[in-house]
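Asker: There's a structure below that I have some questions on.
The values are calculated or read from the model by the stated rules, or taken from the named source; none is laboratory data. Predicted, not measured: the structure shown is a model, and the values here were computed from it. Heads up, the Cβs are rebuilt from the backbone with ideal geometry, glycines too, and the neighbour counts pull from every protein chain shown. For accessibility, only protein heavy atoms count, side chains too; no ligands or nucleic acids. Shrake-Rupley method; radii C 1.70, N 1.55, O 1.52, S 1.80 Å.
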Amino acid sequence: MASTDVKNTVSHMEMDRGGAFDFSNCIRNQAMCKMGATAPTLTSTGTTIVAVSYKGGLVMGADSRATAGNIVADKHCEKVHKLTESIYACGAGTAADLDQVTKMLSGNLRLLELNTGRKARVITALRQAKQHLFNYRGYIGAYLLIGGVDPTGPHLYMCSANGTTMAFPFTAQGSGSYAAITILERDFKVDMTKEEAESLVQRALEAGMHGDNASGNSLNVVIIEPNETVFKGPIVPEFCKRPEPNDLSYKFQPGATKVLKNKVYKYDIVESMDISH
Amino acid sequence: MACFNGITASADATNQMHSFKQAMREVSAKPDWLSARHIERQRWNPYSMEGGSTCAISGDNFAIVASDTRMTANDINILTRDAEKIQVLNDSIILTTSGFYGDVLQLTKVLQSRLHKYRFDYRADMSVDLCAELLSRNLYYRRFFPYYTGAILAGIDEHGKGAVFSYDPIGCIERLGYSASGAAEPMIIPFLDCQIGHVTLDEGYEKPALTMERAISLMKDSFRGAAEREISTGDKIHLVIAEAGKPIVQKFLPLRED
């Protein structure tokens, strides 16, 4: 084969490797960029997510603000994703990637549970996530806290977008993690009670939401125990409420808006159809 | 939402299609991923942006200036919740500045010292019109290494009327009825255009007069609205009210802190 043929084959192979992504517009997009078009940018969600293990269980939580640049895109978005009945994932990073990755994980874990007739383990979810993310070399911007309770006990893992994973007794992720981790470092104790752990997660989240611009609005918490999983939220902390209502009301009278242009289209009915049934 | 921008419809569609096909051929022959990677170099950048928003409204015999008090690093990290972005320069001049806080402080210092010298030389306070021109010249003096600020100068002029002057970073000056600058400027300006400028209101509908009470309420509401949706605006409203023949009043009002 001539070298140009090899080159063509290789670049085609790179473009349609199969799997989840379609690279067929890649060349076209590069051509459009060459003609002066600007490529769209990804929206990244600044976040505070926190998880803490305690005696026999795990508490995980997240704030609910999604941002696009410096604008709040969603005030009540759900960042605590259910993978199985007793495994949850909290996500920071690119919103679309997180939705898709957690959707894939929950599907695969459910199939696994049906095939084996046993509850899925946290390590399985983690391995699935890290292998998927490592395959895409960090281009899938999903930073996950995966945690839950399985027959081997409570587990908490962090999985970053490039596939690095770590196990923790407590941790925080996202842009608000710096504020949140200070609370965790100060107040975490081994073998806390459920109430202590829940309050710790809530306080850590509140610190993140207070100290970080890209986190706020409200928080969601999930408490996972061997026999029972409780979801709490949305909880709105005091500092996330509007301190004062608006002074004026902004109601517009009907018809008060200026009509800038008026155009009348005239149609002749050539043929009509009976759509009543 | 996310889409390609920048390709404008040309009258000669065939010509455009031709050049697009040419671009396709060039790109297929040498795609980005087969060429050497660009080395991204970190350029020295003396500027930063500390977020926050400021706004000013003028009326027949008053001028109102407001800003939030949050200071932010990299759009995310809160540096302080008590940053003051409004300076009362004398009994009739108020300066409010957003942008790079280092330049905000320096610009304030420069203006204060010039006003001090003026008072020493002429035994009188400078008028707001004069100060507006002075600020414009000070900004343009740094044409090629600008103060990275969006300044608004407000006050009561020599005829006892409210005045608002708006600037770009290199000293382009405009006298307006109302103005905003900073991170939430794109949210506040359309609101004030609607409520004070009445740009969307049809003829024959009642236009509410801009009393001082109404202006203050609109000012508060615009910051309450901005704090809901703009992440670097929040914590407190710093409200400064100048009314002709009365001393300047300053107030702080709470905003959401998340």
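Asker: Straight-line reach from B:LYS207: which aspartates and glutamates fall under 20 Å, measuring Cα to Cα and dropping same-chain residues less than 8 apart?
Answerer: A:ASP247, B:ASP60, B:ASP193, B:ASP221
Asker: Size of the dipole of region A:44-238 about the Cα centre, Lys and Arg at +1 and Asp and Glu at -1 on the beta carbon, nothing else charged, in debye to 20?
Answerer: Charge dipole of region A:44-238: 580 debye, to the nearest 20.
Asker: Using only the Cα atoms of chain A, build the gyration tensor, take square roots of its eigenvalues as a ≥ b ≥ c, and label the shape rounded, prolate or oblate: rounded if a/c is under 1.5, else prolate if a/b is larger than b/c, else oblate.
Answerer: Because a/c hits 1.5 or more and a/b fails to exceed b/c, chain A counts as oblate.
Asker: Just read off the accessible area of B:TRP33 with the full protein assembly in place, 1.4 Å probe, to the nearest 10 Å².
Answerer: For B:TRP33, solvent-accessible area is about 90 Å².
Asker: Leaving out ligands, DNA and RNA, calculate the buried accessible area for the pair B and A with a 1.4 Å probe, summed over both sides, in Å² to the nearest 100.
Answerer: Using a 1.4 Å probe, the pair buries roughly 4800 Å².
Asker: At a Förster distance of 35 Å, what's the computed FRET efficiency of A:VAL230 paired with A:ALA73, Cβ-Cβ distance as r, to 0.05?
Answerer: 0.75
Asker: Along the charge dipole of chain B, which of B:TYR147, B:SER166, B:THR97 sits closest to the positive end, that is, farthest toward it, with unit charges on the beta carbon of Lys, Arg, Asp and Glu (+1, +1, -1, -1)?
Answerer: Of the candidates, B:TYR147 comes out farthest on the positive side.
Asker: Taking a cut-off of 39 Å, what percent of all Cα-Cα pairs in the protein assembly as shown are separated by more than that?
Answerer: Percent of Cα pairs beyond 39 Å in the protein assembly as shown: 47.
Asker: Given a 1.4 angstrom probe, I'd like the percentage of the accessible area of region A:78-165 that is carbon and sulfur, rounded to a whole number.
Answerer: 51 percent
Asker: On the full set of protein chains, 1.4 Å probe, figure out the accessible area of B:PHE252 and give it in Å² to the nearest 10.
Answerer: 100 Å²
Asker: I've got another one for you. For region B:54-209, rounded, prolate or oblate, judged on the Cα gyration tensor with a ≥ b ≥ c (square roots of eigenvalues), a/c < 1.5 rounded, else prolate if a/b > b/c?
Answerer: oblate
Asker: Based on Cβ point charges of +1 for Lys and Arg and -1 for Asp and Glu, what charge dipole magnitude is obtained for the protein assembly as shown about its Cα centre, in debye rounded to the nearest 20?
Answerer: My answer is approximately 1180 debye.
Asker: Kindly report the accessible area of region A:207-277 per residue (heavy atoms of protein chains, probe 1.4 Å, no ligands, DNA or RNA), in Å².
Answerer: For region A:207-277, the solvent-accessible area averages 77 Å² per residue.
Asker: Using only alpha carbons, build the gyration tensor for region B:141-252 and give me the equivalent ellipsoid semi-axes, biggest first, whole Å.
Answerer: Over the Cα atoms of region B:141-252, the ellipsoid semi-axes are 23, 19, 17 Å.
Asker: Next question. Considering only the other residues whose Cβ falls under 14 Å of the Cβ of B:ASP91, what net charge follows from Lys and Arg at +1 and Asp and Glu at -1?
Answerer: Result for the neighbourhood of B:ASP91: -2.
Asker: Let me check I've understood the local charge: for A:THR152, count other residues with C-beta under 13 angstrom from its C-beta, Lys and Arg +1, Asp and Glu -1. What total comes out?
Answerer: That sum, taken over residues with Cβ under 13 Å, equals +2.
Asker: Kindly report the accessible area of region B:53-254 per residue (heavy atoms of protein chains, probe 1.4 Å, no ligands, DNA or RNA), in Å².
Answerer: Heavy-atom accessible area per residue stands at 44 Å².
Asker: Still on this structure: Just want the answer: with Cβ charges of +1 for Lys and Arg and -1 for Asp and Glu, which residue in A:GLY233, A:TYR267, A:ASN217 is farthest toward the dipole's positive end in region A:203-277?
Answerer: Most positive-ward Cα: A:TYR267.
Asker: Quick one: pull the percent of accessible area on region B:53-254 belonging to carbon and sulfur, 1.4 Å probe, ligands and nucleic acids left out.
Answerer: Using a 1.4 Å probe with all protein chains present, region B:53-254 comes out at 52 percent carbon and sulfur.
Asker: Protein chains only, probe 1.4 Å: how do B:ARG142, A:ARG127, B:ARG123, A:ARG186 rank by accessible area, largest first?
Answerer: Ranked list, largest accessible area first: B:ARG123, A:ARG186, A:ARG127, B:ARG142.
Asker: So, one more: Counting Lys +1, Arg +1, Asp -1, Glu -1, what net charge surrounds B:VAL128 among other residues with beta carbon under 9 Å of its beta carbon?
Answerer: Summing Lys/Arg as +1 and Asp/Glu as -1 gives -3.
Asker: Moving to a separate point now. Please report how far the C-alpha centroid of region A:221-277 lies from that of region B:80-156, rounded to the nearest whole angstrom.
Answerer: Using only Cα atoms, the two centres lie 43 Å from each other.
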